[in-house]
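Student: Got a structure for you, questions after.
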Amino acid sequence: MDQKTTREKLQILLPHWIEHNHNHEAEFKKWADLVRTEGQGGLAELLDKAVASMGETDSILQKVLAEIGGPGEGHCHHHHPHHHD
């Protein structure tokens, strides 16, 4: 049986996490724009802050991925329903 190391698992998981964060970021931006057009600047500002935080998170995750040698074998861009497990 092939046992993956923690590093190998992270090489597979990190690209998925980064992609997943990008999807959330885009959704947050969409909703910020929507509430902004409805005159809810305070809500839009909070969502903009969430987008900025996601950007910082992405940057850190990219650094972790680079530190461990980039994406590993078995990495794919498919969305798995059990991604939160």
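The values are calculated or read from the model by the stated rules, or taken from the named source; none is laboratory data. Note that the structure is predicted; figures quoted are calculated from it, not measured. Note: ideal-geometry Cβ built from the backbone for every residue, glycine included; neighbour counts use all protein chains shown.
Student: So which of 16, 77, 84 is at pLDDT 95 or above and under 17 Å from the mean Cα position of the chain (by Cα)?
Tutor: 16
Student: Against the definition (part of a helix (DSSP H, G or I), without any contact (Cβ under 8 Å) to a residue 24 or more places away in the chain, of a type outside the set (Gly, Ala, Ser) and surrounded by fewer than 15 Cβ atoms within 10 Å (Cβ to Cβ)), how does residue 29 come out, yes or no?
Tutor: So residue 29 does not fit the description; no.
Student: Taking only pairs six or more apart or across chains, which ones have beta-carbon atoms under 6 Å, a first residue in region 42-58 that is in a helix (DSSP H, G or I), and a second residue that is small (Gly, Ala, Ser)?
Tutor: 44/32; 47/32; 48/32
Student: Restricting the search to region 32-41, which residues are outside any helix (DSSP H, G or I) and on the phi < 0 side of the Ramachandran plot?
Tutor: Within region 32-41, 38, 40 meet the criteria.
Student: Next question. I'd like the full set of residues that are loosely packed, with under 14 Cβ neighbours inside 10 Å, of a type in the set (Asp, Glu) and under 13 Å from the mean Cα position of the chain (by Cα), limited to region 46-68.
Tutor: 56
Student: Can you tell me how many residues within region 4-26 are hydroxyl-bearing (Ser, Thr, Tyr) and assigned to a helix (DSSP H, G or I)?
Tutor: Of the residues in that region, 1 qualify.
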